[in-house]
1. Once the mean 1/r over all distinct Cα pairs of the stretch 41-120 is inverted, what Kirkwood radius in angstroms do you read off?
2. Highest mean first, what order results for 221-231, 35-45, 122-132 on Cβ atoms within 10 Å?
3. State the percentage of accessible surface on the chain attributable to carbon and sulfur atoms; use a 1.4 Å probe and exclude ligands, DNA and RNA.
4. Among Thr3, Pro210, Gln34, which residue has its Cα positioned farthest towards the positive end of the charge dipole of the chain, with +1 placed on the Cβ of Lys and Arg, -1 on the Cβ of Asp and Glu, and the dipole taken about the Cα centre?
5. Please report the net charge: other residues with Cβ closer than 12 Å to the Cβ of Asp132, K and R +1, D and E -1.
6. At most 11 other Cβ atoms within 10 Å and a DSSP loop assignment: could you name the trypsin sites (Lys or Arg not before Pro) in the stretch 1-97 that fit?
7. When DSSP assigns beta bridges and you keep just the ones with both residues in the chain, what percent turn out antiparallel, to the nearest 5?
8. Roughly speaking, what is the centre-to-centre gap between the stretch 26-79 and the stretch 152-223 when only Cα atoms are used, to the nearest Å?
Amino acid sequence: METKSYATVKVEKEDGISWAILNRPEKRNAMSPQLHYDMLEALTELESDKETRVVVITGAGESWCAGQDLKEYFRALEKNPAEKRKAGWASQEWRWRKLYTFPKPTIAMVNGFCFGGAFTPLIACDFAIAADEAIFGLSEINWGIFPGGLVSRVLAESMTYRDAMYYIMTGDSFDGKKAAEMRLVTYSVPKAKLREETIKLANKLKQKNPAALKAAKEVYKACKTMDYWQAEELMSAKSAALAANDPERGREKGMKQFLDDKTYRPGLGHYDRNK
Ligand code: ACO
């Protein structure tokens, strides 16, 4: 296993899966300015890293991420507007813009606490698998603020109106099972099986054509806010770009193996990428 350590983040690479681990367990992986800079750098490297097929974001110790660091991100930066702006930019950049449009599949593996500002990367990831025992909460209201830093916006994307209003306004916490029931996460499993189940999903994604996966998520995420004419134009352009640029020539391979060779059925599985 190849490992790279940043001050507050550790990246472990194994079998095409890169594990980006928030690594401040003693602070429950609260997001300090340094953590924002480290995650931005780590994700930027993984974006173009040839060995990385799938990125998993998880936390060291008992927590996934306890939200923004109240001491280092909020209180300390009040007196330092220049650093506040820089850290604020890095925070939005990795948690939303970079992660939401990441060119490879992303999985949030929620091993424990997930509070406040942690909902942004949670929702930005394509998939989220939570431990049944994980504890989630929109705790902002409990200390006199509201879910900012894009959290309210991303909640509107991923929770129903009733669920969002309830948890934003009560600050009540809920567990991984409840998060799965509300479809905030893809599914939840007992903590003892969390890593195994995450690897299973990552391995499934590794079997797919990477260029098609990249285009698939880009198109879905981009067209959500478009009108039908724009969406049709986008899909037509992306489809031509994929057909022209896919190094694997997946579309042709898939059609040939189904229509000519009759060696597989696309409805029931993937074409043979080695042929
Ligand atoms: N910011 C700063 N420090 C934090 C944070 C945080 N968000 N979360 C935990 N810590 C620190 C604690 O201050 C403590 O530090 P210390 O050992 O130097 O005193 C250490 O992490 C351990 O925290 P405990 O509270 O002792 O750990 P416990 O396991 O009992 O509780 C829990 C964990 C529930 C996560 C608790 O720490 C907590 O409520 N944290 C705040 C969670 C929160 O509301 N986050 C949202 C912030 S708002 C936003 O993100 C916009």
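The values are calculated or read from the model by the stated rules, or taken from the named source; none is laboratory data. Computed from a predicted model, the values in this text were never measured in an experiment. Here the Cβ positions follow ideal geometry from the backbone for every residue, glycine too, while neighbour counts run over all protein chains shown. Keep in mind that these areas ignore ligands, DNA and RNA; they rest on the heavy atoms of the full protein, side chains included. Shrake-Rupley method; radii C 1.70, N 1.55, O 1.52, S 1.80 Å.
1. 14.0
2. Numbers: 221-231: 11.6, 35-45: 20.9, 122-132: 23.7.
Highest-to-lowest ranking by the protection proxy: 122-132, 35-45, 221-231.
3. That share works out to 55 percent.
4. Pro210
5. 0
6. Lys50, Lys79
7. Beta bridges within the chain, antiparallel portion: roughly 40 percent.
8. So the separation of the two Cα centres works out to 19 Å.
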